[in-house]
Amino acid sequence: MKLTPHAPLSTLNTLGLEANCLWLAEVTQLDDLVQLRASAELSALPRLVLGGGSNILFCDDFAGLVVHNGMKGIAAHDEGEHWLLHVAAGENWHELVCHALRQGWHGLENLALIPGTVGAAPVQNIGAYGVELASVCAYVEAFNWQSGELERIAAADCQFGYRDSIFKHDYQDSHFITAVGLRLPKAWRPVAGYGPLAALGEAPTAQAIFDTVCATRMAKLPDPAILGNAGSFFKNPVVPAALAESLKRKYPQMPLYPAGEGLAKLAAGWLIDQCGLKGFAIGRAAVHQEQALVLVNLGGASAMELIALAAHVRDTVEQKFGVALEHEVRFMGTQGETWLDEVLS
């Protein structure tokens, strides 16, 4: 384990925002977590777990301990009708998808090019093109900071929801994800009814789905290494079906998806685009020219510029459509997670 005091975090968040933490711990094995828990000084501090830093906005310096997850390893077990993959939380998610595809383990291809680590995947219940992590997750292993024990949490107990899980709520401060179990069926069936995948026909190969997803994402989403961003900044809003139908009558081209009884899901990017906000900037923070759902750091943007831009986008959409957007990106304050309205108040 490497411990660094007063460490910079600009290279550990894909928005590229300047921020520092009191201590940075880079962990690679379970024993590192045991040592951190045993330290009276470090265990008393506010704690933040970072993987790829692809879904976080540092509003200020973090006055606590940042634990950077560097645990590695992929093991596959033949369960007869399924492959069970046990994947360490520090593995890169997209590299795992590529590895699985090369091995003939299908089921993750729709989730290609989602930034971040495997450990972050269950926290957000990542999803794209009709597939969510919850559909392939068998379990999550996590270190319990309170008990010092390693726990295996069944997928049924993870409280998965739309971009949500127990790790964003009850277990946010108490559990450190060390590994994820993924169960992939050998009798694989493609999920190809969403967006550009529908053009692939009734029986596309996993490789064709992967290639199409990658091409689509690369055409729309900027590379964080070139233009700082955190991917989709806002969640697709789920609204009452009556409101969605009313909006659909007014805007016939509006994308609309079922979201359970009496509910419908709207496309946040489309709503933002219809407000004419592509390219809109506050200082060095801007709405991406190609994908309105992405807010970008044009270089040298401050946290407050991104926060002000997020508020402007949210308020503009609400004024035009009567729909309130919720940010998917986590806002991190001095002592821990915060929210847009709290930062603005």
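Listed residues HIS86, HIS6; which is farther than 27 Å from GLY181 by Cα and not hydroxyl-bearing (Ser, Thr, Tyr)? When all the criteria are applied, what remains is HIS6. Restricting to the range 1-45, and then to whatever is over 22 Å from the mean Cα position of the chain (by Cα) and part of a loop (DSSP other than H, G, I, E, B), can you tell me which residue is surrounded by the fewest Cβ atoms within 10 Å (Cβ to Cβ)? Out of the qualifying residues, it is ALA44.
If you go through the range 220-236 and keep only what is open to solvent by less than 70 Å² (accessible area, probe 1.4 Å) and farther than 15 Å from LEU111 by Cα, you end up with PRO222, PRO224, LEU227, GLY228, ASN229, ALA230, PHE233, PHE234, LYS235, ASN236.
For the range 108-127, check the following and say yes or no: at least one residue is over 16 Å from the mean Cα position of the chain (by Cα) and either basic (Lys, Arg) or outside the structural domain of VAL49 (by the TED database) (or both). Within the range 108-127, one or more residues are over 16 Å from the mean Cα position of the chain (by Cα) and either basic (Lys, Arg) or outside the structural domain of VAL49 (by the TED database) (or both). Restricting the range 68-92 to residues that are surrounded by fewer than 23 Cβ atoms within 10 Å (Cβ to Cβ) and aliphatic (A, V, I, L, M), the residue that is nearest to LEU22 (Cα to Cα) is ILE74. Screening PRO258 against (1) touching a residue at least 40 places away in the same chain (Cβ under 8 Å); (2) within 23 Å of GLY127 (Cβ to Cβ); (3) out of contact with any Pro (no Cβ under 6 Å at 6 or more places or on another chain) leaves a single unmet condition, (1). Annotation: ALA230 fulfils all but one of (1) among the hydrophobic types (A, V, I, L, M, F, W, C); (2) assigned to a strand (DSSP E or B); (3) without any contact (Cβ under 8 Å) to a residue 40 or more places away in the chain; the unmet one is (3). The condition (being closer than 17 Å to PHE331 by Cα, touching a Gly at 6+ places or on another chain (Cβ under 8 Å) and among the hydrophobic types (A, V, I, L, M, F, W, C)) is satisfied by just one residue among ALA120, ALA63, ALA89, ALA100: ALA120. When the range 213-234 is filtered for residues that are in contact with a Phe, Trp or Tyr (Cβ under 9 Å, 6 or more places away or on another chain) and at pLDDT 95 or above, only VAL213 remains. Residues in the range 288-310 that are open to solvent by less than 50 Å² (accessible area, probe 1.4 Å) and under 13 Å from ILE272 (Cα atoms): HIS288, GLN291, ALA292, LEU293, VAL294, LEU295, LEU309, ALA310. Counting residues in the range 311-327 that are open to solvent by 20 Å² or more (accessible area, probe 1.4 Å), within 22 Å of ASN20 (Cβ to Cβ) and not assigned by the TED database to the domain that holds ILE114 gives zero.
Pairs are defined by a Cβ separation below 6 Å, a sequence spacing of at least 6 or placement on different chains, a first member in the range 81-100 that is in the same structural domain as ARG189 (by the TED database), and a second member that is in a helix (DSSP H, G or I) and among the basic types (Lys, Arg); no pair meets this definition.
For LYS278, the conditions (1) open to solvent by 40 Å² or more (accessible area, probe 1.4 Å); (2) at pLDDT below 95; (3) touching a strand residue (DSSP E or B) at 6+ places or on another chain (Cβ under 7 Å) are fulfilled apart from (2).
The values are calculated or read from the model by the stated rules, or taken from the named source; none is laboratory data. Because the structure is predicted, anything quoted here is derived from the model rather than measured. Neighbour counts are summed over all protein chains in view; Cβ atoms, including those assigned to glycine, are modelled from backbone coordinates with ideal geometry. The accessibility values were calculated without ligands, DNA or RNA, using every heavy atom of the protein model including side chains. Shrake-Rupley method; radii C 1.70, N 1.55, O 1.52, S 1.80 Å.
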